[in-house]
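The structure under discussion appears below in the form of C-alpha coordinates.
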Amino acid sequence: MGRGPRLVLLGRQGAGKGTQAQLLADNYGVEHLSTGDLFRAAAAEGTSAGLEAKRFMDAGELVPDATVIRVVEDRFTGDFLNRGFVLDGFPRTLPQAEELHRVLDGHPLDLALDLEVPTEIVLRRIAGRRVCEKCGATYHVDMPPATEGVCDSCGGRVVQRDDDTEEAVQRRLELYEQETVPIIDFYCNLGKLSAVDGIGETDDVFKRLVDQVEQHFDPQSP
Ligand SMILES: [Zn+2]
(Lines give C-alpha, C1' and ligand atoms only; values in the text may rest on other atoms or scores of the structure.)
Protein backbone atom coordinates (compact mmCIF):
# COMPACT_ATOMS: atom_id res chain seq x y z
CA MET A 1 0.00 0.00 0.00
CA GLY A 2 2.48 2.65 1.13
CA ARG A 3 1.70 6.07 2.48
CA GLY A 4 0.20 9.29 1.09
CA PRO A 5 2.36 12.19 -0.06
CA ARG A 6 3.38 15.08 2.20
CA LEU A 7 3.03 18.22 0.13
CA VAL A 8 3.19 21.99 0.50
CA LEU A 9 1.45 24.17 -2.06
CA LEU A 10 2.79 27.72 -2.46
CA GLY A 11 1.26 30.44 -4.61
CA ARG A 12 -0.05 33.97 -4.67
CA GLN A 13 -3.56 34.79 -3.56
CA GLY A 14 -5.77 34.35 -6.62
CA ALA A 15 -3.51 31.67 -8.15
CA GLY A 16 -6.14 28.96 -7.54
CA LYS A 17 -4.15 27.37 -4.74
CA GLY A 18 -7.13 26.35 -2.59
CA THR A 19 -8.86 24.59 -5.49
CA GLN A 20 -5.72 22.72 -6.54
CA ALA A 21 -4.85 21.77 -2.96
CA GLN A 22 -8.30 20.18 -2.57
CA LEU A 23 -7.98 18.32 -5.90
CA LEU A 24 -4.57 16.97 -4.89
CA ALA A 25 -5.85 15.90 -1.47
CA ASP A 26 -8.83 14.08 -3.06
CA ASN A 27 -6.60 12.46 -5.66
CA TYR A 28 -4.26 10.98 -3.05
CA GLY A 29 -6.84 10.47 -0.30
CA VAL A 30 -4.98 12.71 2.15
CA GLU A 31 -6.02 15.68 4.25
CA HIS A 32 -6.15 19.19 2.77
CA LEU A 33 -5.11 21.58 5.51
CA SER A 34 -5.35 25.32 5.06
CA THR A 35 -3.92 27.55 7.77
CA GLY A 36 -7.45 28.41 8.85
CA ASP A 37 -8.36 24.70 9.16
CA LEU A 38 -5.22 24.07 11.17
CA PHE A 39 -6.06 26.83 13.66
CA ARG A 40 -9.77 26.07 13.83
CA ALA A 41 -9.09 22.38 14.56
CA ALA A 42 -6.62 23.33 17.30
CA ALA A 43 -9.09 25.82 18.79
CA ALA A 44 -11.89 23.23 18.70
CA GLU A 45 -9.64 20.81 20.58
CA GLY A 46 -9.10 23.58 23.12
CA THR A 47 -5.30 23.45 23.10
CA SER A 48 -3.73 26.61 24.52
CA ALA A 49 -1.95 27.33 21.21
CA GLY A 50 -5.23 26.81 19.35
CA LEU A 51 -7.12 29.24 21.57
CA GLU A 52 -4.34 31.78 21.22
CA ALA A 53 -4.45 31.47 17.41
CA LYS A 54 -8.22 31.94 17.51
CA ARG A 55 -7.88 35.23 19.39
CA PHE A 56 -5.64 36.63 16.62
CA MET A 57 -7.95 35.37 13.88
CA ASP A 58 -11.05 36.76 15.58
CA ALA A 59 -9.30 40.14 15.73
CA GLY A 60 -8.58 39.87 11.99
CA GLU A 61 -4.83 39.69 12.58
CA LEU A 62 -2.17 37.35 11.22
CA VAL A 63 -1.26 34.68 13.74
CA PRO A 64 2.37 35.28 14.87
CA ASP A 65 5.06 32.68 14.11
CA ALA A 66 5.50 31.67 17.74
CA THR A 67 1.83 30.68 18.01
CA VAL A 68 1.76 28.99 14.60
CA ILE A 69 4.77 26.92 15.58
CA ARG A 70 3.08 25.67 18.75
CA VAL A 71 -0.04 24.69 16.79
CA VAL A 72 2.12 22.83 14.28
CA GLU A 73 4.05 20.98 17.00
CA ASP A 74 0.78 19.70 18.46
CA ARG A 75 -0.59 18.58 15.12
CA PHE A 76 2.28 17.09 13.13
CA THR A 77 2.81 13.86 15.01
CA GLY A 78 2.78 10.09 14.45
CA ASP A 79 -0.21 8.92 12.49
CA PHE A 80 -0.89 12.26 10.83
CA LEU A 81 2.60 12.22 9.30
CA ASN A 82 2.12 8.68 7.98
CA ARG A 83 -1.21 9.43 6.32
CA GLY A 84 0.15 12.38 4.33
CA PHE A 85 -1.27 15.85 3.71
CA VAL A 86 -1.50 18.87 1.42
CA LEU A 87 -0.69 22.15 3.18
CA ASP A 88 -2.17 25.32 1.75
CA GLY A 89 -1.21 28.74 3.11
CA PHE A 90 1.32 27.25 5.49
CA PRO A 91 4.26 27.74 5.92
CA ARG A 92 3.84 31.47 5.30
CA THR A 93 7.24 32.62 6.61
CA LEU A 94 10.77 31.19 6.70
CA PRO A 95 10.69 30.51 10.48
CA GLN A 96 7.47 28.53 9.91
CA ALA A 97 9.09 26.54 7.07
CA GLU A 98 12.14 25.79 9.23
CA GLU A 99 9.92 24.71 12.10
CA LEU A 100 7.88 22.43 9.84
CA HIS A 101 11.10 20.88 8.59
CA ARG A 102 12.21 20.23 12.18
CA VAL A 103 8.86 18.77 13.25
CA LEU A 104 8.74 16.45 10.20
CA ASP A 105 12.08 14.93 11.22
CA GLY A 106 12.24 11.40 9.80
CA HIS A 107 9.07 11.96 7.75
CA PRO A 108 10.32 14.63 5.36
CA LEU A 109 8.20 16.64 3.02
CA ASP A 110 7.98 15.02 -0.42
CA LEU A 111 7.58 18.21 -2.39
CA ALA A 112 6.84 21.93 -2.22
CA LEU A 113 4.89 22.94 -5.32
CA ASP A 114 5.05 26.58 -6.34
CA LEU A 115 1.98 27.45 -8.39
CA GLU A 116 3.22 30.24 -10.62
CA VAL A 117 0.75 32.83 -11.86
CA PRO A 118 2.13 36.26 -12.77
CA THR A 119 1.19 39.23 -10.58
CA GLU A 120 -0.71 41.01 -13.40
CA ILE A 121 -3.03 38.02 -13.79
CA VAL A 122 -3.86 37.49 -10.11
CA LEU A 123 -4.27 41.24 -9.74
CA ARG A 124 -6.88 41.28 -12.52
CA ARG A 125 -8.63 38.22 -11.07
CA ILE A 126 -8.93 39.68 -7.58
CA ALA A 127 -9.36 43.38 -8.36
CA GLY A 128 -12.12 42.47 -10.85
CA ARG A 129 -14.03 40.53 -8.22
CA ARG A 130 -17.46 41.83 -7.14
CA VAL A 131 -19.65 40.47 -4.40
CA CYS A 132 -23.33 40.70 -3.40
CA GLU A 133 -23.68 42.53 -0.07
CA LYS A 134 -26.76 40.52 0.81
CA CYS A 135 -26.16 36.87 -0.18
CA GLY A 136 -22.40 36.82 -0.84
CA ALA A 137 -22.74 35.66 -4.47
CA THR A 138 -19.54 36.46 -6.37
CA TYR A 139 -19.17 38.02 -9.81
CA HIS A 140 -16.35 39.41 -11.90
CA VAL A 141 -16.17 42.49 -14.10
CA ASP A 142 -15.71 40.00 -16.96
CA MET A 143 -18.77 38.03 -15.79
CA PRO A 144 -21.12 40.63 -14.27
CA PRO A 145 -24.73 40.12 -13.17
CA ALA A 146 -27.44 40.63 -15.85
CA THR A 147 -28.24 44.11 -14.49
CA GLU A 148 -25.17 46.10 -13.53
CA GLY A 149 -24.68 46.30 -9.76
CA VAL A 150 -27.70 44.09 -8.98
CA CYS A 151 -27.40 40.48 -7.79
CA ASP A 152 -28.96 37.88 -10.13
CA SER A 153 -30.07 35.61 -7.31
CA CYS A 154 -31.34 38.00 -4.61
CA GLY A 155 -31.48 41.52 -6.06
CA GLY A 156 -28.93 42.77 -3.51
CA ARG A 157 -26.28 45.38 -4.26
CA VAL A 158 -23.15 44.03 -5.99
CA VAL A 159 -19.99 45.83 -4.80
CA GLN A 160 -16.21 45.60 -4.61
CA ARG A 161 -14.87 44.57 -1.21
CA ASP A 162 -12.53 47.06 0.45
CA ASP A 163 -9.71 44.55 0.52
CA ASP A 164 -10.17 43.63 -3.15
CA THR A 165 -9.17 47.07 -4.45
CA GLU A 166 -6.11 47.08 -6.67
CA GLU A 167 -4.14 48.96 -4.02
CA ALA A 168 -5.03 46.54 -1.24
CA VAL A 169 -4.28 43.51 -3.40
CA GLN A 170 -0.96 45.01 -4.49
CA ARG A 171 0.00 45.45 -0.83
CA ARG A 172 -0.85 41.84 -0.01
CA LEU A 173 1.05 40.59 -3.04
CA GLU A 174 4.14 42.56 -2.02
CA LEU A 175 3.98 41.11 1.47
CA TYR A 176 3.60 37.64 -0.02
CA GLU A 177 6.65 38.21 -2.21
CA GLN A 178 8.78 39.34 0.74
CA GLU A 179 7.77 36.41 2.89
CA THR A 180 7.72 33.69 0.27
CA VAL A 181 10.95 34.22 -1.66
CA PRO A 182 12.97 32.96 1.37
CA ILE A 183 10.67 29.91 1.64
CA ILE A 184 11.18 29.11 -2.03
CA ASP A 185 14.96 29.36 -1.59
CA PHE A 186 14.74 27.15 1.48
CA TYR A 187 12.92 24.34 -0.35
CA CYS A 188 15.07 24.81 -3.41
CA ASN A 189 18.21 24.22 -1.31
CA LEU A 190 16.65 21.06 0.10
CA GLY A 191 15.97 19.86 -3.47
CA LYS A 192 12.25 19.81 -2.69
CA LEU A 193 10.91 22.56 -4.92
CA SER A 194 8.95 22.21 -8.16
CA ALA A 195 7.63 25.27 -9.96
CA VAL A 196 4.43 24.60 -11.88
CA ASP A 197 2.81 26.87 -14.45
CA GLY A 198 -0.53 27.88 -12.91
CA ILE A 199 -2.02 29.46 -16.02
CA GLY A 200 -4.79 27.64 -17.85
CA GLU A 201 -7.81 25.45 -17.16
CA THR A 202 -8.10 23.94 -13.66
CA ASP A 203 -7.76 20.39 -15.05
CA ASP A 204 -4.63 21.18 -17.03
CA VAL A 205 -2.94 22.83 -14.06
CA PHE A 206 -3.92 19.87 -11.89
CA LYS A 207 -2.33 17.42 -14.36
CA ARG A 208 0.92 19.41 -14.22
CA LEU A 209 0.92 19.25 -10.42
CA VAL A 210 0.24 15.50 -10.31
CA ASP A 211 2.97 14.96 -12.86
CA GLN A 212 5.47 16.63 -10.51
CA VAL A 213 4.25 14.68 -7.49
CA GLU A 214 4.55 11.39 -9.41
CA GLN A 215 8.16 12.22 -10.26
CA HIS A 216 9.16 12.99 -6.68
CA PHE A 217 6.97 10.92 -4.39
CA ASP A 218 7.78 7.33 -3.44
CA PRO A 219 4.89 5.78 -1.42
CA GLN A 220 7.29 3.18 0.02
CA SER A 221 9.68 5.77 1.50
CA PRO A 222 9.46 6.44 5.26
ZN1 LIG B 1 -27.28 38.35 -3.78
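The values are calculated or read from the model by the stated rules, or taken from the named source; none is laboratory data. From a predicted model like this one, the values you see are computed outputs, not experimental measurements. For neighbour counting, all protein chains shown are included, and Cβ atoms are generated from backbone atoms with ideal geometry for every residue, glycine included. Areas reflect the complete protein model, heavy atoms only, side chains present, ligands, DNA and RNA absent. Shrake-Rupley method; radii C 1.70, N 1.55, O 1.52, S 1.80 Å.
Taking strands (runs of 3 or more DSSP E) that fall entirely within segment 52-154, which contain at least 2 residues that are touching a strand residue (DSSP E or B) at 6+ places or on another chain (Cβ under 7 Å) and under 22 Å from V8 (Cβ atoms)? Answer list for segment 52-154: 85-88, 111-116.
Does I183 satisfy being assigned to a helix (DSSP H, G or I), farther than 25 Å from L94 by Cα, open to solvent by less than 50 Å² (accessible area, probe 1.4 Å) and β-branched (V, I, T)? The answer is no for I183. The set of residues in segment 1-43 being small (G, A, S), surrounded by fewer than 20 Cβ atoms within 10 Å (Cβ to Cβ), in contact with a strand residue (DSSP E or B) (Cβ under 9 Å, 6 or more places away or on another chain) and part of a helix (DSSP H, G or I) consists of G18, A41. Filtered by the rule that a residue be under 20 Å from Q212 (Cβ atoms) and small (G, A, S), segment 14-42 gives A15, G16, G18, A21, A25, G29.
Can you find a residue that is aliphatic (A, V, I, L, M), within 16 Å of the ligand (Cβ to nearest atom) and out of contact with any Pro (no Cβ under 6 Å at 6 or more places or on another chain) anywhere in segment 158-173? For segment 158-173, residues aliphatic (A, V, I, L, M), within 16 Å of the ligand (Cβ to nearest atom) and out of contact with any Pro (no Cβ under 6 Å at 6 or more places or on another chain): present.
Confirm whether E61 is over 24 Å from L175 (Cβ atoms), among the acidic types (D, E) and open to solvent by 50 Å² or more (accessible area, probe 1.4 Å). So E61 fails the test. If you check G198 against the conditions, is it touching a strand residue (DSSP E or B) at 6+ places or on another chain (Cβ under 6 Å) and either hydroxyl-bearing (S, T, Y) or more than 16 Å from the ligand (Cβ to nearest atom) (or both)? So G198 passes the test. Restricting to segment 128-151, name every residue that is surrounded by 15 or more Cβ atoms within 10 Å (Cβ to Cβ) and near the ligand (Cβ under 10 Å from one of its atoms). Of everything in segment 128-151, those that are surrounded by 15 or more Cβ atoms within 10 Å (Cβ to Cβ) and near the ligand (Cβ under 10 Å from one of its atoms) turn out to be V131, C132, A137, Y139, P145, C151.
Here segment 174-222 is the region considered, the condition is being among the charged types (D, E, K, R) and within 17 Å of the chain's Cα centre (by Cα), and the residue that is modelled with the highest pLDDT is D197. Does E52 satisfy the condition of being more than 22 Å from P5 (Cβ to Cβ), out of contact with any Cys (no Cβ under 8 Å at 6 or more places or on another chain), buried (at least 17 other Cβ atoms within 10 Å of the Cβ) and modelled with pLDDT of 90 or more? Yes; evaluated as a whole, the condition is true for this residue. One residue stands out in segment 186-213 among those that are in contact (Cβ under 8 Å) with a residue 12 or more places away in the chain and of a type in the set (D, E, K, R): the one that is surrounded by the fewest Cβ atoms within 10 Å (Cβ to Cβ), namely D197.
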